[in-house]
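The values are calculated or read from the model by the stated rules, or taken from the named source; none is laboratory data. Everything quoted here is computed from the prediction, not taken from an experiment. Cβ atoms come from the backbone with ideal geometry, glycine included; neighbour counts cover every protein chain shown. Surface accessibility is based on the protein's heavy atoms, side chains included, excluding ligands, DNA and RNA. Shrake-Rupley method; radii C 1.70, N 1.55, O 1.52, S 1.80 Å.
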6 protein chains.
Amino acid sequence: MPLVNFKLTPEGLTADKKRTLIAKVTDLLATELGKNPDTTIVIIDEVETDNWGIAGQSVTDRRKK
Amino acid sequence: MPLVNFKLTPEGLTADKKRTLIAKVTDLLATELGKNPDTTIVIIDEVETDNWGIAGQSVTDRRKK
Amino acid sequence: MPLVNFKLTPEGLTADKKRTLIAKVTDLLATELGKNPDTTIVIIDEVETDNWGIAGQSVTDRRKK
Amino acid sequence: MPLVNFKLTPEGLTADKKRTLIAKVTDLLATELGKNPDTTIVIIDEVETDNWGIAGQSVTDRRKK
Amino acid sequence: MPLVNFKLTPEGLTADKKRTLIAKVTDLLATELGKNPDTTIVIIDEVETDNWGIAGQSVTDRRKK
Amino acid sequence: MPLVNFKLTPEGLTADKKRTLIAKVTDLLATELGKNPDTTIVIIDEVETDNWGIAGQSVTDRRKK
């Protein structure tokens, strides 16, 4: 029954990378915590760099430096 | 004051369906828990099938089978 | 595959009320959107009234008035 | 280490407004709670008015009145 | 209609500090974005230091160093 | 800058298991997506079995069968 939510910036996040992430985090929960993969849910939210702040600045602005 | 968040895949999720969902879940909280509809908030997040995993696979891949 | 998250204050939220809420919201998604109940997930978060604000005040303070 | 998540409707939410929001909420957590700005994360989710309900109605419908 | 969710570690997070945080972030959204305070919702989640990771380590472990 | 949120039932979720989960998911994001571990945040929410529903039933009730 575990639920995993990733929030990631969209650059380079291809369908294939998402596929790998879903498979591997499901496997991690099965291996480390004995969680049933059949009821493991993964949701990936893509967050634009304007909408993500760290240290008081947007990621867009941080990357300009 | 309740808050309800739905995460749903976008196919078939028309403005009309969203309207129904908002009305009915607000009503459900009023009827079953006595919650005041005026302060009941509903947020619907639409999650693409590539970004949703179950049983270690994306929903996109599961539907191909 | 839908996911529903409720945030509710804990008063009066018995195991029985939770059971009803889970059953009825799952049924609502099946009836209105044709969602498969077997993969419908519901998570209820209980939020203390000190930790919930509306109109600039905590719910604890609003209820004192 | 604090994490702040805003859910806002997108109208008028320019890159500049987001920048201000990120800077000011980070500053608020530093000033009021002594939180280190370097590890303060802010995420802004934009929610369309069809997907946001209050008092049993979508915000789209409320604004028509 | 904005919604703000803070995730914070619980140490030093008194009812009074929460009250201040709720009031000030509601005010920030009114001042900077013109949001109506009456429908601004704030939810504070307290996350234990064992349950919070940064740079691959729990906050509990980081603080031991 | 990635953010990972796990929702898990609390049984068997020791400090040591949490430590492993934080380390391994941070490593997974570095290896598969090239994400910087220093700004990878992990938050684990523990959800009681009464508060988690699947297929219209609470996990508490499902486990009784």
Springs between alpha-carbon pairs under 10 angstrom, Gaussian network model over chain E: which of E:Ala30, E:Ala55, E:Ala15 fluctuates most?
E:Ala55
Checking the cross-link filter: which aspartates and glutamates have an alpha carbon closer than 18 Å to that of F:Lys64, excluding same-chain neighbours under 8 positions apart?
C:Asp16, C:Asp38, F:Glu11, F:Glu48, F:Asp50
Volume of the Cα convex hull of the protein assembly as shown, divided per residue and given in Å³
143
Under 19 Å Cα-Cα from E:Lys24, which lysines qualify once same-chain neighbours fewer than 8 residues away are excluded?
D:Lys7, D:Lys17, D:Lys18, D:Lys24, D:Lys35, E:Lys7, E:Lys35
Which GluC sites (Glu not before Pro) in chain C sit in a loop by DSSP (not H, G, I, E or B) and have at most 13 other Cβ atoms within 10 Å of their own Cβ?
C:Glu11
Per residue, the convex hull enclosing the alpha carbons of segment D:3-64 has a volume in Å³ of 99
Nearest 500 deg cm²/dmol is fine: what mean residue ellipticity at 222 nm does chain B get from its DSSP H runs of n ≥ 4 alone, each adding -39,500 (n - 2.57), divided by its residue count?
-12000 deg cm²/dmol
Remind me, relative contact order of chain E in percent, using alpha carbon pairs under 8 angstrom and six or more residues apart?
44
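Can you give the net charge of the other residues whose Cβ lies under 11 Å from the Cβ of E:Ala30, counting K and R as +1 and D and E as -1?
Summing Lys and Arg as +1 and Asp and Glu as -1 gives -1.
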Show me you know the interface measure: the accessible area buried between E and D, both chains summed, probe 1.4 Å, in Å² to the nearest 100.
2400
Suppose we keep just the DSSP beta bridges with both residues in chain C; what percent of those would be antiparallel, to 5?
25
